[in-house]
Structures are given as C-alpha cells and as structure tokens.
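What follows is a short report on a single structure.
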Amino acid sequence: MTQNYRLDNIGLINRDKKISFKFNGKNYFGYEGDTLASALLANGVHLIGRSFKYHRPRGFFGAGVDEPYAIVQLYRNNETEPNVKTTEQELFEGLEATSVNCWPSVNFDIGAINNFLKVFLPAGFYYKTFMWPKSFWYKVYEPIIRKAAGLGVASTKHDKERYEHKYEYCDLLIAGSGPSGLASAYAAAKNGARVILAEDKPRFGGTLLTSEVNIGNQTGKEWAENIISELKEMPNVIVKNRSQVFGYYDHNMLVMSEKLSDHLPKTKKYHPKQRLWYIRAKEVLISSGSIERPLVFGNNDTPGVMLSSAAKEYLKVYGVLVGKKPLIFTNNDSGYETAIEFKKNGIEPIILDTRKEPNSEIIDEAKNLGIQIKFSYVVVAAKGYKKVNAAEIAKISDNKNDLGTLENITCDCICVSGFWTPTIHLASQSGNKTTFNKDIDAFVPGVSKQSETTLGAAKGTFTLAETLKDSFNAGYELSKKITKNDNKISHPTVVEKNKTTHDKFWCVPLPKGKNYKRFLDFQNDVAVSDIEIALKEGYRSIEHVKRYTTLGMATDQGKTSNLNGLQLVSNIENKIIPEVGHTTFRPPYTPVTIGAIVGREVGKHSRPTRKSPLHSWHEKNNAVFVDAGVWLRPRYYKIGEETLFEGSKREAKNVRANVGVCDVTTLGKIDIKGPDAAELLNRVYTNAWLKLPVGKARYGVMLREDGIVMDDGTTTRISENHYHMTTTTAQAANVLSHLEYYLQLVWPELNVNVVSTTEQWAGAAIAGPKSRDLLQKLFPNIDASTEGLPFMGYIEADLFGVHARIFRISFSGELAYEVNVESDNGNFMWEKIMEVGQEFKIQPYGTEALSTLRIEMGHIAGSELDGRTIPYDNSLEGLVSKKKDFIGKRSLDREAFIADDRQKVVGVVPIDKKTSIPEGSHLVKDAMAPIPNPKLGYISASCWSVEYDNPFSLAILKDGKNMIGQKLFAMSPLKNKTIPVEIVSSHYVDPKGERVRS
Amino acid sequence: MLHIKCPHCGMRSQNEFSYGGDATVKRPELNKEVSDQDWNNFVYNRKSLRGKHKELWQHISGCRQWIKVERDTATHEIFKTAKAHEDI
C-alpha cells in the first residue's frame, strides 16, 4: 500500500515507524510524527465530516489549533472523545475515528437536504421559526433539532483516566515556542531567570519549522532545535510541549493544559492523561504567533480549500501534498512561500494574486522559478461538491468592484492567504485593551494591564529580524529586572526574504446572476448573507450579531472567522473596524477537557473524608456509614439482615431501656483560654455566662447579628480561665471563624485565645438509665451519684490509666454522660466502655437512633437551626437574657420577630399513628385547597418514636404556640402524600426533663 | 485567582483565604442605644462599590488571622493589605 500524496524526502516524520489507524471503519496507515489530519491527507482523504447547519461536506482547513472543520469522534483504549481536532491529534497505533454530524454516512448524508433548503435557513432561523406555540419547543422542535444537529457524542461512561493539577511559580512564563518565544526564553534563561516555556504542538519552533530563513548560519529549524536542547539542559528552565496556555487570570495567574498521554494508544499505569498547571508568573511573554486569515469567495467551504500556511506545513513537516494541481489564492506574499515549496517538490502551482503589480524578493524568486502568476485575479467560486475539482476565476478591476469574464481552471486544491491575524487572546484576557492596527488590518495588544508583554507576530511584527531583536531584548530586560543579573547574549544575524505590503481586499464580490454561498464561519455555516440579514434586521452590536448568527461560536471559537466578520460588519455599516470593536476573548483559548479541570477531585476525592479515631471499630462491627458534612459517621450497626428502620429502632429502644454508646467525636470542639474568656462567652451566647462555676457546663445558643440562630452547644468551665466549647458538627469551622472575627476585629481588647480541638479529643456519649452504673464501673474512684456529679457537672478522672474528661450532658433526654479522651486513646476508651458495659446490655448506636432520641424529646438540631429561625422559633426564648447585650440581640425586637403569630417548633403526630411524615412536607389547613395552597409550616425532622411506637415529627409552624391540638394536613407533593396530622407539644417524651436530672 | 499578601505570612493564593466583606463597617458598641436605622445599616446595608474597596479576608488555611485588604472591585488590583488592628 502506498500513500499517493506523501513525498519521500521531506518532512519531520519518522518513516521507519508505520502506524495503522482506522477512519470511518476503513484501515489506513501513517507514520510516527503524523497528526490524524496529515495521515488522512497523505492517503488522499479530504472528506472528513459535514457542517453543522447545512450538512455540507467538510475537509481540512488548517493544520493546528485554528482548524474549524476537521473534527472527529475519537476512540482510544475503549473510551471515546467528541470533537477532537484531527489537526492536533497525533497518530498512535490503533487509533480509530469517525465523522461527526452526519447520518447515515459522511458520503451520503440525509441532513444535506438542508443545503438545498438553505434559502429557508437564514440567520436567526431557529429563533424565528421554533418559537410558537410554546409547548411545542420541548416536545416537538427541540428533540428533532437536537437529533439532526449536534457534533460529537460525549461518553456516558465513567472516565477512568487520571488527571492532575500542579501549581508552579516562575519569573517568566513564555507562551509559544516560535522565534519570539525561543529568543526571549533563551535570553532570560541565560540571565538566570526561572523560565517556563510552553508549546501547544508536539514540536518546538513554530514557524521556524516551515520557513526558509537563516539564523546565525543555521537554518531556522536547526537554530530552534539547538536552542531547545540547550534550554532543556538548564536547571532554571521548564520546557513543555503539548501544553496550551489557555487562560490569563488575575494577578498574573495563567492556566496551562498539558496533554501527556493523548498521543499514546493507552495512558501508562499511574500516569496522568492530562495535567492542568496553575502558573503564577512574575512576567508573562505572549509569543502566541498569528493565524492566517481566509479569503472569502463562493463555495469557499468546499473540501480542498485551505489556508496556504497549512498546505505549507503539511508539506514541510509531514511530507504531504494537499493537492497535485494547487491553486494559490493570495492577497499578500505568504502565498508565494507555499507556491515555492510546491514547485521545489515537483508540483506546478498557479498563483492568483489580488494585487496589481507587487514587487518583492519572494515574488521575484517565484517568477525565477517559473511559477505561473496571475495578478489582479481572484477565485470567484470553488467547483466540486465533495472535493474541489476546478475553480471559477476572473480578473478583478482596480477598484475591486467589477469582475472580468469568468474562466474555469482545473485544480485539486485552493490554498488561500488573506494575510495574518495576531493571536491576541491571552493579551486580551489579561485585561489589555487592544487597539486596531490599520497596517495589518487587525487588532494588536495595547498598553499592558498586568505584567505581560506581547512579542513577534502576536503583536503584528511579521519580520523575523525585528521579532528576534525585540524578543532577545525583552527576555534580557525582564529577567534583569527580576534577577538583577546582567548577562547579555549576542544577537545572531538573520537572513530572510523581504516582503511587500498586503492587499486590503479580502471578500470577492458575487458575479451577476450567481448566488454562491460565501462562508465566514466554516463550522457554524455562517455566510456573508447571514451577516447582511442580521444587520438588515437591526442588529448593531458585534456581540449581538455574533449571537444571532452564531458567528465564531463553534468549537474553534472563530479563530479564522472573527476578523472577516468584523470587516464585513464595518464595510456594510460604513464604519471602521475599531468602532465595531471585537467580541470578548474569553478563556479557554482552546477546548479543555472537564477531566483536566476537575483533576483528582472526583468521587470520594471531591472533598476530604474525615473519620473518627474509632472508625475501624465501627467498620468491624458492621456499621452502615452516612456522610455527615465531611465526616463519615455510623448510621446504625447492622445485625443480620436488619433494615435501617429496624436497626435504629433497636438501638434507640436500648438507650431508653438500658444504655447505649455513641461516637460523638465529630462534634466541633473549641478550646478557649484567657482572663476574658467568660466575657467573650457572655457576648457570644444569648444567656448569662459570667457566673458559671468551675466544673460546670452550660447549654448556650449563639446568634448571628441579624438575630438568626447560628449554632448551639454546651460549654464547660474547665478551670478559672479555661473553657471547652462544643459546636454542632456542621458549624464547627464557622463558629471558630466567628469567634476569631470578634476577637481580632471587634473586641481586640479581650484577652482570649481560641483554637480548634475537634481532632484532639475522641468522644463517647453514654446514654440511658443504666449509664450511671456503667460510669461508676468505668471510673471506680469517682462519686457518680447525682450529688457527686450532678446534671451539667464536669470532672476529670482516670480511665484505666488514661486521662479522661467526663461531662454530664445529654442530647438523648436520658441520664447521660460524655467521656472524652485524647484521640489516640479513643479506641481504648471505646473498647473499655463496650467491655464493661456488657453486663448493662450496652449497644452502640448510630446517628439515626441519635436523631430519633432527640426528635421525640423535642431537642432542636441542625434541621431546625436552618438559618431561618430565631430563638423563639426553637422554644429557646428562655435562654435569651434580658439583662445583658450580646451578638444579634438588637435584631430580636424587629417587628416580624416579635409578631404574635410568630412561627414556633411543634410536635406532629399522624392521626392514624402509622404513616411516617416525609421531612420537608408542608403543613396546610385544607388539603383540597387550590394551588398555591397557603403553607402554615414545614416538617423539619421525622422519626419513629420508640417511646410510643408511632411516627413523630417536629415542625416549624406559624403561630405554633396556639396550634397545639389542631388538626392539619402534611402534604408532600414530592412523595405524593397527604397525611392528616395532629399538632402536639414538641416535648413528646419526658416533657419535664426528669430523666436527665435523675 | 488573586494573589494576596498576608501581612503575617506573605504572598499567598486566594484559595487560602475566605472573604469577609466591607472592612469599614463598625459594629455598634455593646449596651448602647442604637437606632433602627443605624442597626439596619450595620447588619444589612452595604455599598456595592466599583473601584477601591476596603475589605476583610481571613487567612483561613494559613495563620487564621483576619486581615484588611484594599482592592479594586473592577480590576482586582490590590493596593495594600494590613493587619486587623491597623488602619488601611
């Protein structure tokens, strides 16, 4: 098998290594170093897909990041990726790709009928047509349009690849390794700066790989290779290929996506597929080069029409001929370079130059080589459907308005060059206000906003000598500023052919009687006529024109189309381009995979998992875990085939009957020390704290300044100036910040220190009527009687040689204690409790039983402290001091907060005593009332009362105080349930609180 | 991502900090009469400035100190930073 379009003696590919691949089911081969695009072209494949709107045949237009057409669905190692640019995808053994956006096949595409209906599909067609009736959009229009449109298909499988993030700091980040990037990197590195040089392509060197220039007596390519190998050896330099700097963010933070494995058949074990670099650079050098601009003419989207720079790159880098009868259509000297390369490789090109009589060294060279050149000539239209087979050309008048007689000329490709557009995306993203340079008809960076400098073609400098001079200087000056070193390197001499000015002409007029589509945006099928319609319909802002016509909104983001779009708008509007302005260049510059952005933060790694020191015991004892914030907590300890309902009921019952033990390590704990600690607590909590004696705990509620309850918990006075505060699991971090805020900013005069000790203590709550007996056995030397250790009392004791803190506090409503030991002794404590507790029928209990116990006692928790309730709502008004001031107090006398019918926590029992009420249900008076049914309140927490063996819920209910005994309905549209209920006291069990004090 | 100079730790990335709002707001003193209007202004009313803004940040994954930052809300330029007790 031979490749008809591959040359033998040119290119940078490795001809010793053949690589086989499949495109649309057919087998092909290419060589190591090929892109999928170059390999397909070598095999003469030009038809790659169909366009988005009209389903017109699509081929290759560019050779890199700017490619608008040639995207495929890629298959690699049992995974698939949509919309991969063939011009960027390197070939690997076993690569498979298929066309996107065509059905049933790329050669016979049913959607192409749109092409013949195109007169009916102008700009804004979808907006205008599929508006009415409204209900049709979801059911009829959208599904059909979605099926017919769309590009590739995203995988629905879990992505098993590994993506990483990396943070890096450097003196100079240089984006792009063309001549300006290499020169500035080299000068800066030699001057001792820490440099990162990033190149998005696999090969370094940019245009030096394809241009006929000489630097310091070496070819451009050799010079680039030597510089790169020297840079790679330097310890202060990071050189990265396949790495796209795609975004410029605040304070010189840039993000780069490095593709480490996309060019391999399979990612190596433990290697990432891609890596996202967050780079903070002191100075940024933007050497992103420029992209050739298309010329616009009839059917300029036909496969075989491509950028002349791309044709040159395919030839010089890959040894591939994009055609054997090329027509070069140019308005500047760049087209000549491509023609000369064809000629040197035995192909006879024809040049059509829109200019009348240009003169330059390069034009002379083309003439001397005997290349046929037609001046003042244009391509009027490309001929051929799936591939160019001829061109309709004509002479154009000096004022560029009138075409001469149409002639047909046979050709198999049309290489266009409409001059160059600097790639200013990064500069623009940095906040730099770009300016319009009339000499090159393009925007260039203006005054730097951050610490960025744009060099070379990216700022509109198109000669190599000037580019290198600027870049060596910039690298030297900027590095000197940072490193204070003064090692200047000498500039090499440069030999390049001089060029003459380009022609501002770029859009060929339609000949009389012809209605050719002239495309601006090739992926989204936006033609000259669409822009004309948009303007006719009154769209003026370029941002609106863009959105109405979808110009520049495809996956290539208009890299080749934007400027021509602007030119057209300005021509029609009789404005100059700077007045029209350009659309915003938003990051990313090229598509970045979601995988790279997410990095390792997937699944369980999306946030840290915190485990109590007792976790392994819970695991061994069949705990079923539940996420509680970032913590994993046992929900219940499963025995046999027990369900959650059965298990939690058993555990809760055992607490009420005997004794249970619960891991409460996750509760937030804050150590508070200092002579003003009591004063701080007195200001933070709603109740009085100044007189709390040493060895006593107190329950406290803290508010936000707006009067809403922030958190609750107990705080214990360990010694004169030392307190131990507990918070809810969820609010631990916020409460600490809250205290720090007031101590550091509001009341710096208070002499207090706070520090989190959540992780320093392991906690076990021992609850139930037999808990005192158990405690006495665990601590034989203490007096566990209610006199020795009263309710809310605190002592320190020795647990079989381990120091322990004992708090007599209760969340379950039973007689209960909480024992804390240092975390490392947590397991020891727990095992001792279980061992000694045997004779008292101890059972561990999880969060579900914990909730059941607190709900039926009417103790409030996170579900009631939901950021919408004040102390009164939670029946905590008794804890609100009238005598002293505290955080949030001033807000409590606001009108809504003192209203007579203010909401309040109540108990709710289903009338049938059987049906559990879903949490979140709304309480309403009349179940049959029309929607919106006035809501009186909501169910905040539900449980199965083990005391009464029926469902019980807590609710926050309007005028709750006066609603006890009322019959309402709990409605849950989500669960489709309507349950008749009765409102009761929230204190369902032991309303007088006798058990905790027993 | 912003680069914020913590007056205690030096230059650090934004993801080590948490934002704390307007630094010029002064909490009314405890145990003093406060009018409804003044209290509302303290609790709720904030200017949404375009331009220089004095604000609080907490170096939450660092030294845990609250600091003052003067930042341009439009350009994110940071002019200076100060410790909690310093004026900015």
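The values are calculated or read from the model by the stated rules, or taken from the named source; none is laboratory data. Quick caveat: nothing in here was measured; it's all calculated off a predicted structure. When we count neighbours, we look across all protein chains shown, and the Cβ atoms used for this are built from the backbone with ideal geometry, even at glycine. Surface areas here come from the heavy atoms of the whole protein model, side chains and all, with no ligands, DNA or RNA. Shrake-Rupley method; radii C 1.70, N 1.55, O 1.52, S 1.80 Å.
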(message) Helix-only estimate, please: 222 nm mean residue ellipticity of the protein assembly as shown, summing -39500 (n - 2.57) across DSSP H runs of length 4 or more and dividing by its residues, to the nearest 500.
(response) -6000 deg cm²/dmol
(request) For residue A:155, tell me the accessible area in Å² from a 1.4 Å probe, rounded to the nearest 10. (result) 40
(message) Across the range A:294-333, what fraction of all alpha-carbon pairs, as a whole percent, falls in each successive 5 Å bin from zero upward?
(response) 5, 21, 31, 25, 14, 3, 0
(request) Take every residue in peptide B:12-24, count the Cβ atoms of other chains within 10 Å of its Cβ, and give the average of those counts. (result) 1
(request) Classify the range A:364-424 as rounded, prolate or oblate from the Cα gyration tensor: take a ≥ b ≥ c as the square roots of its eigenvalues, call it rounded if a/c is under 1.5, otherwise prolate when a/b beats b/c and oblate if not. (result) rounded
(request) Report, ordered by chain and residue number, the lysines lying within cross-link reach of residue A:488, taken as a straight Cα distance under 17 Å and ignoring same-chain residues fewer than 8 apart. (result) A:190, A:469, A:480
(request) Report, as an integer, the average count of C-beta atoms from other chains found within 10 Å of each Cβ along A:699-706. (result) 1
(message) Rounded, prolate or oblate for the range A:877-998? Axes are the square roots of the Cα gyration tensor eigenvalues, ordered a ≥ b ≥ c, and the cut-off for rounded is a/c under 1.5.
(response) oblate
(request) DSSP loop (so not H, G, I, E, B), at most 14 other Cβ within 10 Å: list which GluC sites (Glu not before Pro) in the range B:12-46 pass both filters. (result) B:29, B:33
(message) Using only the alpha-carbon atoms, how far is helix A:826-837 inclined from the longest principal axis of chain A? Give it as 0 to 90 degrees, nearest 10.
(response) 40
(request) With a 1.4 Å probe and every protein chain left in place, tell me how much accessible area residue A:979 has, in Å² to the nearest 10. (result) 10
(message) Residues of the range A:245-259 losing 50 Å² or more of accessible surface, assembly versus chain alone, probe 1.4 Å, please list them.
(response) A:250, A:251
(message) Give the separation of the Cα centroids, the range A:554-590 to the range A:628-669, in Å.
(response) 63
(message) Based on the alpha carbons, how large is the Rg to Rh ratio for chain B when Rh follows Kirkwood?
(response) 1.02
(request) Give me D for the range A:15-71 in µm² s⁻¹, whole number, from Stokes-Einstein with Rh from the Kirkwood sum over alpha-carbon pairs, 37 °C and 0.692 mPa s. (result) 269
(request) About the Cα centre of the range A:668-852, how large is the charge dipole given +1 on each Lys and Arg Cβ and -1 on each Asp and Glu Cβ? Please answer in debye to the nearest 20. (result) 380
(message) Restricting to DSSP loop positions (anything but H, G, I, E, B) with no more than 14 other Cβ atoms inside 10 Å of their own Cβ, which trypsin sites (Lys or Arg not before Pro) remain in the range A:939-977?
(response) A:975
(request) Return the tail of the calculated pair distribution for the range A:668-852, meaning the percent of Cα-Cα pairs more than 28 Å apart. (result) 26
(request) Quick one: give the max-minus-min coordinate of the C-alpha atoms of the range A:259-308 along each principal axis, largest first, in Å. (result) 51, 37, 14
(request) Mind checking which aspartates and glutamates have their Cα closer than 19 Å to the Cα of residue B:83? Skip sequence neighbours fewer than 8 apart in that chain. (result) A:740, A:749, B:16, B:22, B:55, B:70, B:72
(message) What do you get for the angle between helix A:732-741 and the principal long axis of chain A? Use alpha-carbon atoms, 0 to 90 degrees, nearest ten.
(response) 90
(message) At 1.4 Å probe size, with the rest of the protein present, what percent of the exposed accessible area of the range A:899-998 is carbon and sulfur atoms?
(response) 55
(request) Sorted from largest down, give the three principal axis spans of the alpha carbons of the range A:161-230, whole angstrom values. (result) 41, 34, 16
(request) At a probe radius of 1.4 Å, figure out the A/B buried accessible area, summed over both chains, and give it in Å² to the nearest 100. (result) 2400
(message) Within 10 Å, at most 11 other Cβ atoms, and a DSSP state outside H, G, I, E, B define an exposed site. Report the longest part of chain A free of exposed chymotrypsin sites (Phe, Trp or Tyr not before Pro).
(response) A:271-998
(request) Using only C-alpha positions, report the orientation-averaged shadow area of the convex hull of the range A:431-488, nm², one decimal. (result) 4.4
(message) Whole angstrom only: what separates the Cα centroid of the range A:531-548 from the Cα centroid of the range A:685-730?
(response) 63
(request) Please state, as a whole number in µm²/s, the translational diffusion coefficient that the Stokes-Einstein equation yields for the protein assembly as shown at 10 °C and 1.306 mPa s, with Rh defined as the Kirkwood radius across alpha carbon pairs. (result) 46
(request) State which entries of A:17/A:85; A:18/A:343; A:400/A:438; A:17/A:344; A:611/A:638; A:374/A:438 exceed 21 angstrom in Cα-Cα distance in the structure shown. (result) A:17/A:85; A:18/A:343; A:17/A:344; A:374/A:438
(message) Charges on Cβ only, +1 for Lys and Arg, -1 for Asp and Glu, centred on the Cα centroid of the range A:899-998; of A:922, A:991, A:980, which one is farthest towards the dipole's positive end?
(response) A:922
(request) Lys and Arg at +1, Asp and Glu at -1: add these up for the other residues within a Cβ distance under 10 Å of residue B:6 and post the number. (result) +2
(request) Could you tell me whether the range A:806-846 comes out rounded, prolate or oblate from its Cα gyration tensor? Rule is a ≥ b ≥ c as square roots of the eigenvalues, rounded for a/c under 1.5, then prolate if a/b exceeds b/c, otherwise oblate. (result) oblate
(request) Mind checking the range A:802-904 for trypsin sites (Lys or Arg not before Pro) that DSSP puts in a loop (not H, G, I, E or B) and that have at most 10 other Cβ atoms within 10 Å? (result) A:882, A:883
(message) Place a point 7 Å from the Cα of residue A:514 along the Cα-to-Cβ direction; which residues of the range A:288-304 have their backbone N under 15 Å from it?
(response) A:296-302
(message) Rounded to the nearest 10 Å², what accessible area does residue A:402 have for a 1.4 Å probe in the complete protein model?
(response) 90
(message) If you split all Cα-Cα distances of the range A:433-560 into 5 Å bins from zero, what percentages do you get per bin, shortest first?
(response) 2, 8, 11, 13, 15, 14, 11, 9, 7, 6, 3, 1, 1, 0
(request) Amide H neighbours of residue A:977 under 5 Å, at least 5 residues apart or on other chains, H built in the peptide plane: list them. (result) A:972
